[in-house]
């Protein structure tokens, strides 16, 4: 059987695409790597910025997405994609168990993962004061003291965002100047409640039930210190789950699949949605939006063939 569309990934983008594809009466399949749908959001302790679901846990929100897809009769299979290739206009997907699926169109919605510091306490306190998304979780730290680890555009943008709502923001950066755009750096350095700790790294995140402090080391002097903080925002990069597709579709220098707001890649019939594609804002709401847009683009592609 050759499906109209196969959706690879079952995070917000993939599940939204599944819902729209079923409503459009396309023959379709969702391939999910994990046994539980939801992608990265299942690890989010509380979601406070998805309209209509204020305060819901990431797990519960993802289950609502999955329930909606199930109610429409969406077909799911669990497996890891090991090969992705073209056979003329047909897209061929091979899973780790050897199963082969074929489709006229594919929506890549595999998301990505934040880069971690890999320090003691980070994993234990993830979601309990340790966050990888300031715009997602910053509101929980209003009028509190927080730290941001990183020095690129995202880290500086996060620090600016947090400085507007937090009492104090420390920025811990391993170099003696920001890698971020000069305009962003200038804006951040002008904010009175921001202190930058240059040439420094976070060695440990401390706390029993939630983040309470961070242990810092100056990489030039070797001096160590401890800062009391309620939140630690880690912004040292993001890794898109795109490696298996890079021999077929174009990606940028960071590995994101190049696709615009219409979700179209450089290969006809292959679309990218959610955090795996090039975009300005990676949030649950924009991922879900991508899923809907991608299906609309798939329908146009199929109708034009």
### Query
Quick check: is even one residue across the stretch 242-252 over 18 Å from the mean Cα position of the chain (by Cα) and within 23 Å of residue 122 (Cα to Cα)?
no
### Query
Where residues in the stretch 100-115 are closer than 22 Å to residue 276 by Cβ, out of contact with any helix residue (DSSP H, G or I) (no Cβ under 8 Å at 6 or more places or on another chain) and at pLDDT 95 or above, which of them is surrounded by the most Cβ atoms within 10 Å (Cβ to Cβ)?
106
### Message
Against the definition (closer than 22 Å to residue 220 by Cβ and outside the structural domain of residue 254 (by TED's automatic domain parsing)), how does residue 188 come out, yes or no?
### Response
yes
### Task
Kindly indicate whether any position in the stretch 55-64 is farther than 30 Å from residue 213 by Cα, more than 16 Å from the chain's Cα centre (by Cα) and not assigned by TED's automatic domain parsing to the domain that holds residue 180.
yes
### Query
farther than 21 Å from residue 30 by Cα, out of contact with any strand residue (DSSP E or B) (no Cβ under 9 Å at 6 or more places or on another chain) and either touching a residue at least 40 places away in the same chain (Cβ under 8 Å) or in a loop (DSSP other than H, G, I, E, B) (or both) - does that describe any residue in the stretch 246-254?
yes
### Message
So, in the stretch 50-99, how many residues would count as being outside any helix (DSSP H, G or I) and in contact (Cβ under 8 Å) with a residue 12 or more places away in the chain?
### Response
28
### Task
Would you check if there is a residue in the stretch 193-202 being in contact with a helix residue (DSSP H, G or I) (Cβ under 6 Å, 6 or more places away or on another chain) and outside the structural domain of residue 92 (by TED's automatic domain parsing)?
yes
### Query
Restricting attention to the stretch 238-260, does a residue exist that is more than 30 Å from residue 146 (Cβ to Cβ) and touching a helix residue (DSSP H, G or I) at 6+ places or on another chain (Cβ under 6 Å)?
yes
#### Entry: Criterion: modelled with pLDDT under 95 and under 26 Å from residue 245 (Cβ atoms) - qualifying residue of 42, 93, 56, 31
42
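Listed here are the residues, each with its yes/no results for (1) buried (at least 17 other Cβ atoms within 10 Å of the Cβ); (2) farther than 25 Å from residue 48 by Cβ.
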residue: 137; (1), (2): yes, no
residue: 146; (1), (2): yes, no
residue: 151; (1), (2): yes, yes
residue: 157; (1), (2): yes, no
residue: 162; (1), (2): yes, no
residue: 175; (1), (2): no, yes
residue: 179; (1), (2): no, yes
### Message
I'm told residue 109 meets every condition in (1) over 27 Å from residue 56 (Cβ atoms); (2) assigned by TED's automatic domain parsing to the domain that holds residue 32 except one. Can you identify the failing condition by its number?
### Response
(1)
### Query
Counting just the residues of the stretch 184-239 that are free of Cβ contacts under 8 Å to residues at least 24 places away in the same chain and under 21 Å from residue 138 (Cβ atoms), which one comes out surrounded by the fewest Cβ atoms within 10 Å (Cβ to Cβ)?
192
## Note on the structure
In the stretch 280-294, anything free of Cβ contacts under 8 Å to residues at least 40 places away in the same chain and part of a helix (DSSP H, G or I) is listed as 286, 293
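The values are calculated or read from the model by the stated rules, or taken from the named source; none is laboratory data. All of these numbers come straight from a predicted model, not from anything done at the bench. Here the Cβ is made from the backbone with ideal geometry for all residues, glycine too, and neighbour counts use every protein chain on show.
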